[in-house]
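One structure below.
Nothing in this text is a laboratory measurement; each read-out follows from the coordinates by a stated rule. Values in this document were obtained by computation on a predicted structure and should not be read as measured data. Here the Cβ is made from the backbone with ideal geometry for all residues, glycine too, and neighbour counts use every protein chain on show.
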Amino acid sequence: MDADIREKIAGEVVLSPHPGRTLRKWREDFGVSQRDLAKQLTTVPSVISDYESERRASPGAGFIRRYVDALLALDTQNGNRVSQRLGVRSHSEGILGMREFTVAIPLKTLADRLEARAVSRVDLHRDIHGFTVLDAPRAILSIDASQFVEVYGWTTQRA
């Protein structure tokens with residue numbers, strides 16, 4: 001499972017037009033501070049900050065590998081909360097589509113592109129990291145209770 005997660009995160013960083021922002025997105029998804037990550041990497045927080053703010057050139061493969069491994073090591077120390085959520089990815093009939101964004105976007109941006117309107121009191125200015133399209137009745141009937149976590153994809157911050 002860790003190999004799939006490592007590949008997902010590293011691949012997203014490498015293919016991102018903004019690798020620094022993508023590194024930050026993943027660090028925040030794992031709930032890790034720059035200080036804790038720097039300590040795990042045996043470096044200083046300013047190095048993490050420089051890469052995430054793109055003040056330094058794009059990180060190399062070696063740094064990305066160490067960065068991802070450090071996130072996973074810290075997650076292991078915290079009971080694998082994020083890794084377990086990310087590892088559940090089996091196919092379901094009720095999930096029609098999913099997409100993860102390389103960088104967060106405001107929910108309003110997606111809503112405007114879809115010409116959608118809010119039917120609840122949702123904060124349209126909050127950032128989302130992806131979306132899931134469901135056939136709700138089919139999902140309710142076909143998805144086992146333990147598989148409902150799939151609806152969140154790689155992150156819970158989604159439309």
Fill in the blank from the handout: Ordered by fewest other Cβ atoms within 10 Å, a rough proxy for footprinting exposure, Val103, Val133 read Val133, Val103
Problem - Kyte-Doolittle mean at least 0.0, axial Cα span of 30 Å or more - DSSP H helices of the chain - result: none
Problem - Ranking of His18, His129 by count of other Cβ atoms within 10 Å, fewest first - result: His18, His129
Practice task
Averaging over all projection directions, find the projected area of the Cα convex hull of the chain and quote it in nm² with one decimal place.
Solution key: 10.4
Fill in the blank from the handout: With 0.36 nm assigned to each residue of separation and the Cα-Cα distance removed, His18 to Ser33 gains 3.4 nm
Practice task
Return the loop-located GluC sites (Glu not before Pro) in region 26-104 (DSSP other than H, G, I, E, B) with at most 16 other Cβ atoms within 10 Å of their own Cβ; answer none if there are none.
Solution key: Glu54, Glu93
Completion exercise
Spelling it out for Gly130: with amide H atoms placed in the peptide plane at 1.01 Å from N, the residues 5 or more places away or on another chain with amide H under 5 Å from its amide H are Phe101, Ala159
Problem - Environment charge at Glu12 (Cβ cut-off 10 Å; Lys +1, Arg +1, Asp -1, Glu -1) - result: 0
